[in-house]
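Everything below concerns the one structure shown next.
Rule-based calculations on the coordinates, nothing more; no lab input. A quick note: this is a predicted structure, and the numbers were derived from the prediction, not measured. Neighbour counts run over all protein chains shown; Cβ positions are idealised from the backbone, glycine included.
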Amino acid sequence: MTAPALPSGDTPAGGATPAGRVTPAPGLERFSFNQATAQHWPLAEAVAGCAAAGVTGIGLWREPVQEYGLDRAARLVRSAGLTVTSLCRGGFFTTPDWWDENRRAIEEAATLGTRELVLVSGGLPAGSRDLDGARRQVTDAVAALADEAAAAGVRLAIEPLHPMFSADRCVIATLGQALDIAERFDPAVVGVVVDTYHVWWDDTVYAQLARAGDRIAAFQVADWVTPLPEGVLLGRALPGEGCVELRRLREAVDAAGYTGPVEVEVFQASLWSRPGPDILAATIDAYLAHVP
């Protein structure tokens, strides 16, 4: 599969006219392709490739959107007939500029037409060992942003990351911790992200999924392989390449009441070295074999 050329005017070729929506390919009714899975695929080509493949949803990241131009990116996705299923990322609440950055992230999510702004909460402040204090900072920051997010029609989606990231990336390490924060707010305003790579190991995860109910804002899928091939950040694998019970987790998420997109999000340098269309095709094949 090769990505079609992009005509002028930010109108992608593929399976939709500017006025229409992409018709999903069989089995891909819920599938969404997270942009980070093909890190080096230009945004316009990724959008066109998804549309041509019958992929209806794409998860976007702020940095490539900003590079392309926010308003231009919003037009691009709309004209392709795609839905932006999430925007990564806000958060990093333990850094000095968290307030301005997160207000911008809310505005960007609203402009792109996505309800879900993924929050990676941030690690310990420089020089700190106060994990409890850092988690309180996250709670206070979410509270400070909630009204602004609600006014913009954006949900703050708290993503717990595997505990190996607690020091430098995310002090919220379990789904239970994320829910402890989210439950203080209207579920239409603050929810949680369930990412299989980060939660599969937790012996309480199925009870926490049942607890989460309509607070599940996004469901992301990646597999876990050992030894981690490229370090903790780039150690993810395509569905079926590792040890995670992906279908069981998907069934539990569905049983909790979630009916939304299933985003495949894989950070792996060896995967990124392949052409974007090949990555998309491999991701679709892995998803169909191991997730629905």
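If you wrap the range 20-157 in the convex hull of its Cα atoms and look at it from every side, the mean projected area works out to 9.2 nm².
The distance between label points at D254 and T226 comes to 2.9 nm (points 7 Å beyond Cα on the Cα→Cβ vector). Placing unit charges on the Cβ atoms of the charged side chains and taking the dipole of the range 100-153 about its Cα centre, the candidate lying farthest along the positive direction among L117, A134, I106 is A134.
Between A210 and D180, the simple label model (points 7 Å from Cα in the Cβ direction) yields a spacing of 2.1 nm. Dividing the convex hull volume of the alpha-carbon atoms in the chain by its residue count gives 122 Å³ per residue. Relative to a virtual label point 7 Å from the Cα of S273 in the Cα→beta-carbon direction, which members of the range 17-54 show backbone nitrogen distances below 20 Å? From the range 17-54, the list is 36-42.
Charges at C-beta only: +1 for Lys and Arg, -1 for Asp and Glu. How large is the resulting dipole of the chain about its Cα centre, in Debye rounded to 20?
Computed charge dipole of the chain: roughly 380 debye.
Among the GluC sites (Glu not before Pro) within the range 13-103, those in coil by DSSP and having at most 15 neighbouring Cβ atoms inside 10 Å are E29. For the range 185-292, applying the loop criterion from DSSP together with a ceiling of 14 other beta carbons within 10 Å to the chymotrypsin sites (Phe, Trp or Tyr not before Pro) yields W201. The trypsin sites (Lys or Arg not before Pro) of the range 125-163 meeting both criteria, a DSSP state outside H, G, I, E and B (loop) and at most 13 other C-beta atoms within 10 angstrom of the site's C-beta, are R129.
Any chance you could run the full-extension gain for R72 through E148? It's 0.36 nm times the residue separation minus the Cα-Cα distance, nm to one decimal. Answer, rounded to one decimal: 25.0 nm.
The stretch between T95 and A126, if pulled fully straight at 0.36 nm per residue, gains 10.3 nm over its current Cα-Cα span. For the range 154-251, pairs of C-alpha atoms spaced more than 24 angstrom apart make up 20 percent of the total. On the principal axes of its alpha-carbon atoms, the range 215-279 has extents of 37, 27, 18 Å, going from largest to smallest.
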